[in-house]
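In what follows, a single structure is set out as structure tokens and then discussed.
The values are calculated or read from the model by the stated rules, or taken from the named source; none is laboratory data. Note that the structure is predicted; figures quoted are calculated from it, not measured. Using ideal geometry, Cβ is built from the backbone for each residue, glycine included, and neighbour counts are taken over all protein chains shown.
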Amino acid sequence: MKVSDADTECPHKLQGILDSPPYVPAIEDVVFLESDKERGVRLQLDFLKPDTLLREHGVQHTKEPLEYPGRFTGPGSGWSTRYKTGEESHGLDR
């Protein structure tokens with residue numbers, strides 16, 4: 001094949017293919033990542049990120065707060081600011 005026989009449109013066609021949506025890397029494809037079908041992947045990443053950062057900083061254990069002042073408390077919320085063990089009131093009550 002001679003150079004004169006080469007498709008002069010080839011570089012333009014190749015760039016058109018590389019710029020098309022299927023060739024956009026998934027990490028850069030915001031429309032793809034925000035789709036309902038990828039919700040599970042987003043949730044995995046949302047849980048993985050803080051877990052990775054905690055491990056990188058050597059955190060082995062965390063504690064979850066039992067009280068959420070002003071958020072779940074109040075009349076009719078089903079939550080109180082204390083929980084009870086026997087007669088003593090110690091934290092959260094549902």
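Residues Leu33, Leu54, Leu48: which one is within 14 Å of the chain's Cα centre (by Cα) and surrounded by 11 or more Cβ atoms within 10 Å (Cβ to Cβ)?
Values: Leu54 fails: within 14 Å of the chain's Cα centre (by Cα); Leu48 fails: surrounded by 11 or more Cβ atoms within 10 Å (Cβ to Cβ).
Among Leu33, Leu54, Leu48, only Leu33 is within 14 Å of the chain's Cα centre (by Cα) and surrounded by 11 or more Cβ atoms within 10 Å (Cβ to Cβ).
From (1) at pLDDT 90 or above; (2) in contact with a strand residue (DSSP E or B) (Cβ under 9 Å, 6 or more places away or on another chain), pick out the condition that doesn't hold for Thr73.
It fails just one condition, (1).
Between a first residue in the range 23-39 that is in the same structural domain as Lys13 (by TED's automatic domain parsing) and a second residue that is modelled with pLDDT under 95 and of a type in the set (D, E, K, R), which pairs have beta carbons less than 7 Å apart while being 6 or more apart in sequence or on different chains?
These pairs meet every condition: Phe32/Glu38; Leu33/Arg42.
Step by step: first the residues of the range 1-30, then only those that are part of a helix (DSSP H, G or I) and among the acidic types (Asp, Glu), then the one that is farthest from the chain's Cα centre (by Cα). Which residue is that? Lay out the reasoning, then the answer.
Here is the first cut: in the range 1-30, the ones part of a helix (DSSP H, G or I) are 3-5, 10-18, 21-23, 26-28, 30.
Retained after the next criterion (residues that are among the acidic types (Asp, Glu)): 5, 28.
On the way: Asp5: 51, Glu28: 15 Å.
Going through the qualifying residues, I end up with Asp5.
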